[in-house]
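The values are calculated or read from the model by the stated rules, or taken from the named source; none is laboratory data. Values in this document were obtained by computation on a predicted structure and should not be read as measured data. Here Cβ is always computed from backbone atoms with ideal geometry, including for glycine, and neighbour counts include all displayed protein chains.
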Amino acid sequence: MSNPIKVLVVDDSPVVRQAMTAVLGADPDIEVIGAAADPYEAVALMRTTTPDVITLDIEMPRMDGLTFLKKIMAQHPIPVVVCSSHTTEGSDVTARVFEYGAVDIITKPRLGTETFLAESQIMICDAVKAAAGVRADRLAPRPPAQRKLTADAMLAKAGPSAAARVGTDRLIVIGASTGGTEAVGLVLEALPAECPGIVVVQHMPEGFTRSFASSLDAFCRLKVKEAADGDLVIPGQVLIAPGGRHTLIKRQGTGYAVEVRDGPLVSRHRPSVDVLFRSAARYAGPNASAAILTGMGDDGALGLKELRDAGAFTVAQDEDSSVVFGMPKEAIKRGGAVRVCSLELISTALLRGR
């Protein structure tokens, strides 16, 4: 990259500031232009250099992160990635983070083991790049530097005998990432209470998906909850894949249940859309409808193609209505989408299966 993404780190912990600077600075596409202990220091630094992206803690002295976020968006909008520890979990905080305009929520770097640190680096750098893409009017996603695992890491691709295991009930699966919290909400809000069971992967960190599900449940006609291992996929209910774990479809009689599993990052994410989609292709096949919504990268692109090949109806969000046209673009390019349409038409397409 000729012009690295300029990032300002705002966190009251010296250890976290040092870790974030090291994690972000290790990526050649990112330049950390400063690290501030609170919003007042951040404002002082921004007088000399305007960052492309801000990573922001929530709990800080003198001014909390939510207040600062609200001020930034009102006075000089800059993409903000909220970087939180588990102490800030809660439906109220999560709802306000997105309400005030944050692009994404990530967890602070995990310093315990080499594996955790490597996974933190992937997720943090990807979130920053996605945020920069939103501000730069949907820049094309940058190719990942690290080798990615595919859905094979969690579930082998189905063989010719898989058709015998396909359930008979209808099923809807949805995958989304950057910009997806609003997109998923709009799709679910438009669906009637009697629609088929739905399972959603929205890229979010561990601890925040439960509050995301609660916020959706408050305004949707459908019942929305965070998925737990063994939950049945039933009409009128939406299961949100929990952050930090993969969620798969499995057969349960003539219908389906979910399996929530630990595992490695797949397509750079956990939960992964590819994992959910592959399992739906195997166990629902032509009885599934699937949508891939806004997001950076290509998670879900291969899975959507597998669903289409299994006879499922598949739809991708179009570029004009996507916050980041990465995941839908890759799915379309690989031939996974039966239909491409605007966000407002996706609910109807999923119900009709055409």
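Some notes on this structure:
- Residue ID - modelled with the highest pLDDT, chosen from residues in the range 119-173 that are of a type in the set (Gly, Ala, Ser) and outside any helix (DSSP H, G or I): ALA156
- For the range 256-297, a residue qualifies if it is part of a loop (DSSP other than H, G, I, E, B) and over 22 Å from ILE234 (Cα atoms), and the qualifying residues are ASP262, GLY263, PRO264, LEU265, SER267, ARG268, ARG270, LEU293, THR294, MET296, GLY297.
- If you check HIS269, HIS246, HIS203 for being of a type outside the set (A, V, I, L, M, F, W, C), under 17 Å from ALA183 (Cβ atoms), in contact with a strand residue (DSSP E or B) (Cβ under 6 Å, 6 or more places away or on another chain) and in the same structural domain as GLY179 (by TED's automatic domain parsing), only one passes: HIS203.
- Qualifying residue in the range 308-327 (condition: in a helix (DSSP H, G or I) and under 27 Å from GLY101 (Cα atoms)): yes
Listed here are the residues, each with its yes/no results for (1) assigned to a strand (DSSP E or B); (2) in the same structural domain as ARG96 (by TED's automatic domain parsing); (3) at pLDDT 90 or above; (4) of a type in the set (S, T, N, Q).
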{"position": "VAL23", "(1), (2), (3), (4)": "no, yes, yes, no"}
{"position": "ASP27", "(1), (2), (3), (4)": "no, yes, yes, no"}
{"position": "ALA35", "(1), (2), (3), (4)": "yes, yes, yes, no"}
{"position": "LEU45", "(1), (2), (3), (4)": "no, yes, yes, no"}
{"position": "ILE54", "(1), (2), (3), (4)": "yes, yes, yes, no"}
{"position": "ILE58", "(1), (2), (3), (4)": "no, yes, no, no"}
{"position": "MET73", "(1), (2), (3), (4)": "no, yes, no, no"}
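- Meets criteria (surrounded by 16 or more Cβ atoms within 10 Å (Cβ to Cβ), in contact (Cβ under 8 Å) with a residue 12 or more places away in the chain and not hydrophobic (A, V, I, L, M, F, W, C)) for THR209: yes
- Here GLU344 meets each of (1) out of contact with any His (no Cβ under 9 Å at 6 or more places or on another chain); (2) crowded, with 23+ Cβ neighbours inside 10 Å; (3) assigned to a helix (DSSP H, G or I) with one exception, condition (2).
- Boolean, VAL23 is under 27 Å from the mean Cα position of the chain (by Cα) and in contact (Cβ under 8 Å) with a residue 60 or more places away in the chain: yes
- Test for LEU248: is it crowded, with 19+ Cβ neighbours inside 10 Å and not charged (D, E, K, R): yes
- Number of positions in the range 340-354 that are β-branched (Val, Ile, Thr) and farther than 18 Å from ALA301 by Cβ: 1
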